[in-house]
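Heads up, the thing below is written out as structure tokens.
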Amino acid sequence: QNRDKKYKRILLKLSGEALMGELGFGIDPKVLDRMALEIGQLVGIGVQVGLVVGGGNLFRGAALNAAGLDRVTGDHMGMLATVMNGLALRDALERSNIKSRVMSAIPMSGVVDHYDRRKAIRSLERGEVVIFSAGTGNPFFTTDSAACLRGIEMEANLVLKATKVDGVYSADPMKDPNAIKYDHLTYDEVLDKKLEVMDLTAICLCRDHNMPLRVFAMEQKGALLSIVVGGKEGTLVSE
Ligand code: UDP
């Protein structure tokens, strides 16, 4: 069963917005179930899956700050939001009989496990899905940076970023009909062209540790499974 997969271990970043589906706020249980199904397909062929979940469907520090809250307090709220999303994802995975655990960068005894790199790796090796929540645990960072950080720490073969668009374009394809899609970009091209793939901290981390990154559309059914067996959906960012 293991023979087809190209990547042994991946780190998938799911934004909070992805969990929101068609709703304007919160979590759409239908979306959770679909994600559980697609993640289960990876586990089924023996791929080890780590997830980093965002919180933008609930709270974002920068938005709360713009509305008058203290930035660090807002970031703390944003990180707590990612823990709620993590719990919802774990629930959906376990209902689909996929063993999973949530780890949080901020200790939350009795609710989720505190992040521990060695325990996380052992869980992945046992075939459990590990959901990394609370981002990096620090304000002024994003869950994109957390995804690259955990991907590097877990020695994942690939970081995958699920977005609404099916890759990286030269301009916003929703607004500019002449926007072209890139199949491959180097880290420096992303930085030089100021392409909005991930924030700069995340791209620099990947560049410094040579962690390949693929941006793809999760809404495209089956794309995730295709990528782990060598498909070229979306855009690859690497050396
Ligand atoms: N956040 C943070 N530190 C981190 C990760 C996240 O302070 O390491 C906060 C930040 O306020 C951010 C919010 O959590 O706006 C939600 O994360 P993010 O915006 O990355 O979620 P996404 O856009 O992926 O849904």
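The values are calculated or read from the model by the stated rules, or taken from the named source; none is laboratory data. A quick note: this is a predicted structure, and the numbers were derived from the prediction, not measured. Using ideal geometry, Cβ is built from the backbone for each residue, glycine included, and neighbour counts are taken over all protein chains shown.
Couple of notes before you dig in:
- Criterion: away from the ligand (no atom under 14 Å from the Cβ) and within 20 Å of Cys148 (Cα to Cα) - qualifying residue of Gln48, Gln41: Gln48
- Residues satisfying the stated conditions in the stretch 139-157, i.e. in contact (Cβ under 8 Å) with a residue 60 or more places away in the chain, among the hydrophobic types (A, V, I, L, M, F, W, C) and either touching a Ser or Thr at 6+ places or on another chain (Cβ under 9 Å) or within 8 Å of the ligand (Cβ to nearest atom) (or both): Phe140, Phe141, Ala146, Cys148
- The requirement of being at pLDDT 95 or above, in contact with a Phe, Trp or Tyr (Cβ under 7 Å, 6 or more places away or on another chain) and within 16 Å of the ligand (Cβ to nearest atom) is fulfilled nowhere in the stretch 82-101; no residue meets it.
- Selection from the stretch 210-239 of residues that are without any contact (Cβ under 8 Å) to a residue 60 or more places away in the chain and over 15 Å from Asp166 (Cβ atoms): Asn210, Pro212, Ser238, Glu239
- Output for the stretch 172-231, where each listed residue is among the hydroxyl-bearing types (Ser, Thr, Tyr), in contact with a helix residue (DSSP H, G or I) (Cβ under 8 Å, 6 or more places away or on another chain) and surrounded by fewer than 19 Cβ atoms within 10 Å (Cβ to Cβ): Thr201
- Any helices (runs of 4 or more DSSP H) falling wholly within the stretch 11-75 and containing at least 1 residues that are of a type in the set (Asp, Glu), in contact with a helix residue (DSSP H, G or I) (Cβ under 7 Å, 6 or more places away or on another chain) and in contact (Cβ under 8 Å) with a residue 12 or more places away in the chain: 29-44
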